[in-house]
1. Which one of B:GLU253, B:GLU235 is of a type in the set (D, E, K, R) and within 14 Å of chain A (Cβ to nearest Cβ)?
2. Would you tally the residues in the stretch A:83-110 being facing chain B (nearest Cβ under 10 Å), free of Cβ contacts under 8 Å to residues at least 12 places away in the same chain and touching a helix residue (DSSP H, G or I) at 6+ places or on another chain (Cβ under 7 Å)?
3. Is it fair to say B:ALA332 is over 13 Å from the mean Cα position of the chain (by Cα), closer than 26 Å to B:MET144 by Cα, buried (at least 23 other Cβ atoms within 10 Å of the Cβ) and within 10 Å of chain A (Cβ to nearest Cβ)?
4. For the structure I just gave you, tell me whether A:ARG66 is more than 15 Å from B:ALA102 (Cα to Cα) and either surrounded by 15 or more Cβ atoms within 10 Å (Cβ to Cβ) or more than 8 Å from chain B (Cβ to nearest Cβ) (or both).
5. Counting only residues that are open to solvent by 10 Å² or more (accessible area, probe 1.4 Å), away from chain A (no Cβ under 14 Å) and either within 24 Å of B:ILE169 (Cα to Cα) or modelled with pLDDT under 95 (or both), how many does the stretch B:209-232 have?
6. Residue by residue through the stretch B:3-57, note down the ones that are farther than 24 Å from B:GLN265 by Cβ and aliphatic (A, V, I, L, M).
7. Does B:ARG173 qualify as being open to solvent by 10 Å² or more (accessible area, probe 1.4 Å), assigned to a helix (DSSP H, G or I), touching a residue at least 60 places away in the same chain (Cβ under 8 Å) and among the basic types (Lys, Arg)?
8. Is there a residue being surrounded by fewer than 24 Cβ atoms within 10 Å (Cβ to Cβ), within 14 Å of B:GLY65 (Cβ to Cβ) and of a type in the set (Asp, Glu) anywhere in the stretch A:2-13?
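The values are calculated or read from the model by the stated rules, or taken from the named source; none is laboratory data. All values derive from a computational prediction rather than experimental measurement. Here the Cβ positions follow ideal geometry from the backbone for every residue, glycine too, while neighbour counts run over all protein chains shown. When the accessible area is computed, the model is the full protein with side chains, heavy atoms only, and any ligands, DNA or RNA have been set aside. Shrake-Rupley method; radii C 1.70, N 1.55, O 1.52, S 1.80 Å.
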Amino acid sequence: MGDPFSLEVAHTLSSCMSGIRTAGDLVLRMQLAKSMRIDEAKKYVAEKLGVEPIDLSDSDRMFEIRKKLNLGRPFDLNRAPRGIEAKINIARVLGITINSVELFKEKTGF
Amino acid sequence: MDKYFTRMGDGSGVYMSAEEIKEDILQGVKDAADRGKIPELTAEEMDYIFEIVTMPGNIVGVERGREVVNTSDSGSCKMTYHANIAMERSTSVLVSEKVLGADSVDIGNMDYSYKAVKQIVHNETPVMELAQLNTVMPVLYGSMPNLGLYTKPDGPVDNWSELLPMAKIDEARAAQEEAVEHAVRDMVFVAGEMYAAGADGINLDTCGASGDADYLASLLATEKIKEKYPNLGVEFGAAGEFVLGMHGKLEYEGTRIAGLYPHKQVKLAEKAGANIFGPVVNTNTSKSFPWNLARTVTFIKACSEVAEIPLHINVGMGVGGVPMTEIPPVDAVTRADKALIEIGKADGL
């Protein structure tokens with residue numbers, strides 16, 4: 001419950017990584033998959049992307065990296081991988097199993 | 001004497017002097033330390049809370065590089081059901097991802113309870129499947145254990161809230177133990193269906209809302225979900241700072257559940273196999289925001305120091321230092337965020 005402007009929007013602007021605009025989704029994936037605390041998760045993702053942990057929250061830097069690695073992005077979507085396409089790349093780059101990717105492969109006879 | 005604008009726990013604005021704010025911070029810290037039997041914050045940390053509370057600017061932010069990630073509870077319901085915008089839930093997931101900058105979101109039903117969802121899960125899974133095809137960020141499914149729903153006349157077991165005032169203690173305990181079995185079965189069933197639909201995780205939200213039996217059901221469900229679906233992330237979010245002893249004798253792995261504060265709750269969540277723990281600290285509406293914030297940070301810091309899994313602090317209406325009001329003021333919300341992350345060492349919100 002609750003007002004998303006007061007909560008989600010305020011949290012994001014004040015204190016959060018902001019998802020696919022940066023590497024927030026990737027860091028959260030490591031928390032969900034491996035129970036990594038925030039510094040460990042950032043370090044892991046940064047190493048996989050070849051950047052420093054502080055770069056992960058930089059939307060300008062991450063936009064280029066996501067574009068180069070085909071990890072999905074919010075805008076400039078012409079010919080860009082979307083949804084499950086981007087997640088296939090994310091699973092490979094991070095070296096993790098993503099449930100929906102596995103199901104997609106199963107359903108499409110990968 | 002200079003006065004600073006801040007708020008009360010009900011959201012109303014108030015002007016306080018520096019001395020009044022510092023005294024409230026000290027008393028908030030002492031209250032948490034006394035109740036939780038945990039260390040007080042240091043003088044430097046209390047000074048920093050004062051600095052955060054009195055910072056100029058409407059909103060404040062964490063230092064560069066200290067950003068965390070967020071999960072939600074009923075995240076996809078906020079635009080659709082609550083704000084009443086005619087939008088399908090998987091579309092609201094995309095809005096959250098591409099427009100609002102969310103790190104994740106959970107899909108949930110209007111009746112945000114596993115017992116209710118079980119009946120209609122075949123209509124919930126297509127929403128998850130569509131969201132998973134189109135979304136890049138993690139998408140969880142969320143609901144509440146809501147043990148009270150298993151009582152008569154809506155559910156199969158006797159109502160312990162009616163039995164307890166009649167001094168039927170044994171019967172009340174037996175009813176709760178029976179409800180635990182039903183709740184665990186429902187949570188594991190829905191988790192399995194959502195796993196088959198591609199969910200990245202399951203959010204057990206407000207664990208313990210009906211007391212220690214509700215909390216036990218959530219722990220047992222977590223255990224079974226991780227055993228059956230190891231790739232499905234489990235977020236275990238608490239209902240309150242203190243587990244109510246509606247039963248009083250229930251234990252998990254040798255620890256009595258009733259009366260546990262966040263720093264002990266997290267150890268049970270870890271044992272059960274949860275990937276993320278969401279601690280709660282409740283807001284006292286008759287105390288000031290500085291009092292509530294200092295109290296919350298004291299509990300969260302103690303929890304963070306012992307946690308081995310990430311903590312996503314509940315920072316919403318009436319929890320996490322945030323005033324208890326429908327439209328929480330962003331000045332208070334962002335100050336709570338900064339203090340919880342920089343002093344409390346939160347891993348997420």
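1. Details: B:GLU253 fails: within 14 Å of chain A (Cβ to nearest Cβ).
Only one candidate qualifies: B:GLU235.
2. Count: 2.
3. Numbers: over 13 Å from the mean Cα position of the chain (by Cα): yes; closer than 26 Å to B:MET144 by Cα: no; buried (at least 23 other Cβ atoms within 10 Å of the Cβ): yes; within 10 Å of chain A (Cβ to nearest Cβ): yes.
Here the answer is no, as B:ALA332 does not meet what is asked.
4. Values: more than 15 Å from B:ALA102 (Cα to Cα): yes; either surrounded by 15 or more Cβ atoms within 10 Å (Cβ to Cβ) or more than 8 Å from chain B (Cβ to nearest Cβ) (or both): yes.
Yes.
5. So the first thing to find is which residues in the stretch B:209-232 are open to solvent by 10 Å² or more (accessible area, probe 1.4 Å), and the list is B:209-210, B:216, B:220, B:223-224, B:226-231.
Then keep just the ones that are away from chain A (no Cβ under 14 Å); that gives B:210, B:216, B:220, B:223-224, B:227.
Among the residues that remain, those that are also either within 24 Å of B:ILE169 (Cα to Cα) or modelled with pLDDT under 95 (or both) are: B:210, B:216, B:220.
So the answer is 3.
6. Hits for the stretch B:3-57 are B:MET8, B:VAL14, B:MET16, B:ALA18, B:ILE21, B:ILE25, B:LEU26, B:ALA43, B:MET46, B:ILE52, B:VAL53, B:MET55.
7. Values: open to solvent by 10 Å² or more (accessible area, probe 1.4 Å): yes; assigned to a helix (DSSP H, G or I): yes; touching a residue at least 60 places away in the same chain (Cβ under 8 Å): yes; among the basic types (Lys, Arg): yes.
It is true that B:ARG173 is open to solvent by 10 Å² or more (accessible area, probe 1.4 Å), assigned to a helix (DSSP H, G or I), touching a residue at least 60 places away in the same chain (Cβ under 8 Å) and among the basic types (Lys, Arg).
8. No: the stretch A:2-13 contains no residue that is surrounded by fewer than 24 Cβ atoms within 10 Å (Cβ to Cβ), within 14 Å of B:GLY65 (Cβ to Cβ) and of a type in the set (Asp, Glu).
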